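Working notes for the structure below.
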Amino acid sequence: MIERVAEIQKQAEAEISTAATSVALEQLRVKYLGRKAELPQLLRDVAELPAEQRGAVGRSANEARQTLEALIEAAAARFEAEELTAALADDNVDVTLPGSPVEAHGHHHLLSATRREIEDVFCGLGYSVVEGPEVETVHYNFDALNHGPAHPARARSDSFYIEGGGDGSEQTLLRTHTSPMQIRIMEQTPPPIALIVPGRVFRRDSDATHTPQFHQIEGLLVDEGVTLADLKGTLLAFARAIFGADRELRLRPHFFPFTEPSVEVDVSCFVCEQGTVAGGNRCSLCKGTGWLEVLGSGMVDPSVFAAVSEHGYDPESHQGFAFGLGIERIAMLKHGVPDLRFFYENDLRFLRQFG
Ligand code: DAH
């Protein structure tokens, strides 16, 4: 009996020492110490042995069991540590690796990117960004902005009127410009104010340089002591931020119903020297003029302040300037986009160039 115990122990020790995984070890535990294994069975049978053998056999079998248990436990602890280390190594995340998938999912449309770029410039100058309704009343779109009764933009052939939207100044239409927000803002906010209004506008026009829907950004600043010099300095900062630090501005007299004086603003061409490109050829971007027309602007007309006089706007004490630019136009000039319709055709070959 005692020899058998020694034999079992020897064999078990050899197998335990070569077990390679915790699963193999568990199988050995069942094989040698499990309920049906030989050694425990032997221990159970000790009671039936003659009295003089019981002590020695019982002791040796018990010792063998304890030795094997200890060996298995030690090996199990080793495996557990090794397997944990391996699992941790497997799970290891290298946060410095590029994201997956590495390729970006998309990017802003050039018009959104341009709008945001312009917003950034004016936010940097202390302006707020607000938005307004796309369906406007004739009052806000034309009347309060000092458009005469015969102004051509009022014509049904030029603008999208909405049926059943009221009569006279309450009649509704898709706004033809972002300027109506000048009035809405002044009705809600006493001076001083400095805001820009990006948004969609609508006109009944369709060709390579006109689409029925396009985007503008309106600007309005009102305070005490504002002059045309402030307007020019502000727009120069804008032009340099968007088109390059060397840009100059030119203001040409113009007419808008809601500003007086009104100007059209040109930026010096950023691809040529005074209309001529390297090699002496005429610049195709500015058509050889050296100037690019970028926006309309002017000092707020006193008659516009009159429309909001009960809201704290008095032309005797306050002045302001306003401007309106086309986002498409800025993007076309800056990126050399030849046809306005590219913006709306959703051709990825076009869009992806501006990612
Ligand atoms: N609303 C004008 C348009 O759509 C653009 C414009 C011109 C806006 C002069 C202004 C401005 O605020 O001062 O043609």
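Per-structure values
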item: Number of the condition not met by Pro190 [criteria: (1) within 30 Å of Thr289 (Cβ to Cβ); (2) assigned to a loop (DSSP other than H, G, I, E, B); (3) open to solvent by 50 Å² or more (accessible area, probe 1.4 Å); (4) touching a residue at least 24 places away in the same chain (Cβ under 8 Å)]; result: (1)
item: Single residue of Ala322, Ala307 found to be over 19 Å from Arg115 (Cα atoms) and either surrounded by 18 or more Cβ atoms within 10 Å (Cβ to Cβ) or modelled with pLDDT of 95 or more (or both); result: Ala307
item: Wholly within the range 257-355, helices (runs of 4 or more DSSP H) carrying at least 2 residues that are within 16 Å of the ligand (Cβ to nearest atom) and not aromatic (Phe, Trp, Tyr); result: 302-307, 327-335
item: Members of the range 306-346 that are among the small types (Gly, Ala, Ser) and on the phi > 0 side of the Ramachandran plot; result: Gly312, Gly336
item: Hits in the range 111-146 - residues which are part of a strand (DSSP E or B) and touching an Asp or Glu at 6+ places or on another chain (Cβ under 9 Å); result: Val129, Thr137
item: Matching residues in the range 325-355 - criterion: being over 20 Å from Leu292 (Cα atoms) and either in contact with a Lys or Arg (Cβ under 6 Å, 6 or more places away or on another chain) or open to solvent by 70 Å² or more (accessible area, probe 1.4 Å) (or both); result: Arg341, Phe342, Tyr344, Glu345, Asn346, Leu348, Arg349, Arg352, Gln353, Gly355
item: Unmet requirement for Gly106, which otherwise passes all of (1) over 30 Å from Pro302 (Cβ atoms); (2) surrounded by fewer than 16 Cβ atoms within 10 Å (Cβ to Cβ); (3) in contact with a strand residue (DSSP E or B) (Cβ under 7 Å, 6 or more places away or on another chain); result: (3)
item: Hits in the range 149-187 - residues which are open to solvent by less than 30 Å² (accessible area, probe 1.4 Å), assigned to a loop (DSSP other than H, G, I, E, B) and under 21 Å from Gly324 (Cα atoms); result: Ser159, Arg175, Thr176, His177, Thr178, Ser179
item: Hey, Glu131 open to solvent by 30 Å² or more (accessible area, probe 1.4 Å), closer than 30 Å to Leu236 by Cβ and either under 24 Å from the mean Cα position of the chain (by Cα) or in the same structural domain as Gln182 (by TED's automatic domain parsing) (or both) or not; result: yes
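To keep it simple, each residue is scored yes or no on (1) over 30 Å from Arg341 (Cβ atoms); (2) touching a helix residue (DSSP H, G or I) at 6+ places or on another chain (Cβ under 8 Å); (3) in the same structural domain as Leu333 (by TED's automatic domain parsing).
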| residue | (1), (2), (3) |
| --- | --- |
| Arg44 | yes, no, no |
| Leu49 | yes, yes, no |
| Gly58 | yes, yes, no |
| Ala61 | yes, yes, no |
| Ser100 | yes, no, no |
| Thr114 | no, yes, yes |
| Ile118 | no, yes, yes |
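The values are calculated or read from the model by the stated rules, or taken from the named source; none is laboratory data. The structure displayed is predicted, hence computed values, not measured ones. Methodologically, a virtual Cβ is constructed for each residue, glycine included, from the backbone with ideal geometry; neighbour enumeration extends over all protein chains shown. The area values use the complete protein model at the heavy-atom level, side chains included, leaving out ligands, DNA and RNA. Shrake-Rupley method; radii C 1.70, N 1.55, O 1.52, S 1.80 Å.
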